[in-house]
Structures are given as structure tokens and as C-alpha cells.
Amino acid sequence: MSADTLQGGFADAPREAARAFRACLDVMARPGTIAEVSGAVPPAPLSIGAGVILLTLCDPDTPVYLAGRMDSPEIRQWISFHAGAPITETRAEASFAFGTWEELLPLAEFPIGSAEYPDRSTTLVVALERLEPDMGARISGPGIRDVARLPLPDTEAFQDNHLLYPQGLDFFFTAGTRIAALPRSTKVEGV
């Protein structure tokens, strides 16, 4: 284990974790909202936003799938040391999955929950180049007054995911220190 693995976690864990948890809840409860987060400095190419989500929501009971470039020895060691979350090699076992949109496809390989247990689905943390407010697809539903906008990599995939509700996937989007979310209950209307 390298010295870099031991660094990059929350310096003031109780306070930073509480702020990060609040930011994660806020963006999930109010789709279209973009929050700035800080406190984690994970190995590249994992962004600060993705690192904050990982440290806040992943633990020894949440298997993590790392797609494409995110699957590196440095990131695996960092997750193991700071979150204790097990790394799974299969998408079907993942509680959380991290990667770019292209690396996470096809979405059908991730669990969407069941009628009895819709919460047993995967939350995907999608790395984007940019995450700007008031741009992208129109979204509506719980937590949104009228409509909001969110830059989505593929409108149709999110429309199809919404049709599965109450089953389906939930999404976080990250770009640098910014995070946003799109729960399965959100209707995607297009650009």
C-alpha cells in the first residue's frame, strides 16, 4: 500500500461527512440541483465529487464496481482503506458503480431491484466532462417545481429507466467538485 493511498480522505471526518451526506441527499431529493462538494482527494481519474460520494455512501456492505479507467490499483486501494467497500468484478453484484457513461454501458447488466425490494438496485456515479446548471434535458417529477434541466449523456436511456419505476437505477453525475443526481422517479422530457 502506497503513502498516497493513506491520503485523500476526509480530514475532519465527522463534519465533512455530514456536509457531504447533506449534499448527496439534497441533489437526490431535488433533481436538477448542482452542489459543490469538497473534502476528498481520490486518485485520478476519480473526481473529487465521485470521491466524496464514495466516502459518504459506500461502506463494507456496499459492493462497488469500477468501470474502465476507474478500475486501477490506486483507486482500489484508496477505496479499501478509506471506505472499506468491497470491489466486485461483476455488475450484477454492484450497489454502486463508478465510471464514464460509455464505460458503464450497457445499463441492463446492473440490478434494478425487484417489485418486493426496489431498493436492491445499483446507483451509478457517472463522470462527466462538465456539469452546468440550467443546461440539457428537461426533467420533472418529485422534488422539482415545474421543470428543471440537467445535462444527460443519453436522454432515451433515462426515459426508459423511468418507465421501470418503482424499479430502476439511480444516478449521480460528477464533474470536478460538482455533483447532481437523477433518481428513477424523475421523468426525462428531452432537450
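For the stretch 177-191, the candidate set comprises residues that are surrounded by fewer than 18 Cβ atoms within 10 Å (Cβ to Cβ) and of a type outside the set (Asp, Glu); within that set, the residue that is nearest to Ile53 (Cα to Cα) is Thr177. Within the stretch 119-149, if we keep just the residues that are touching a helix residue (DSSP H, G or I) at 6+ places or on another chain (Cβ under 9 Å) and not aliphatic (A, V, I, L, M), the residue that is farthest from His162 (Cα to Cα) turns out to be Gly136. Taking interchain pairs and intrachain pairs at least six residues apart, which have beta carbon atoms under 6 angstrom, with the first residue in the stretch 173-185 and closer than 18 Å to Ile144 by Cβ and the second open to solvent by 10 Å² or more (accessible area, probe 1.4 Å) and assigned to a strand (DSSP E or B)? Final answer for the pair search is Ile179/Ala35; Pro183/Asp170; Arg184/Asp170.
Under the condition of being on the phi < 0 side of the Ramachandran plot and surrounded by 14 or more Cβ atoms within 10 Å (Cβ to Cβ), the residues counted in the stretch 134-148 number 6.
Among helices (runs of 4 or more DSSP H) lying entirely in the stretch 41-133, which contain 3 or more residues that are surrounded by 16 or more Cβ atoms within 10 Å (Cβ to Cβ) and more than 15 Å from the chain's Cα centre (by Cα)?
On the way: elements: 48-57, 73-82, 101-104.
Passing ranges, in order: 73-82.
For the stretch 158-176, the count of residues that are out of contact with any Lys or Arg (no Cβ under 9 Å at 6 or more places or on another chain) and open to solvent by 60 Å² or more (accessible area, probe 1.4 Å) is nonzero.
The values are calculated or read from the model by the stated rules, or taken from the named source; none is laboratory data. Here the structure is a predicted model, which means the values were calculated and not measured. Because the Cβ atoms are built from the backbone with ideal geometry, glycine has one as well, and the counts that use them run over all protein chains shown. To get the accessible areas, we keep the full protein, side chains included, count just its heavy atoms, and leave off ligands, DNA and RNA. Shrake-Rupley method; radii C 1.70, N 1.55, O 1.52, S 1.80 Å.
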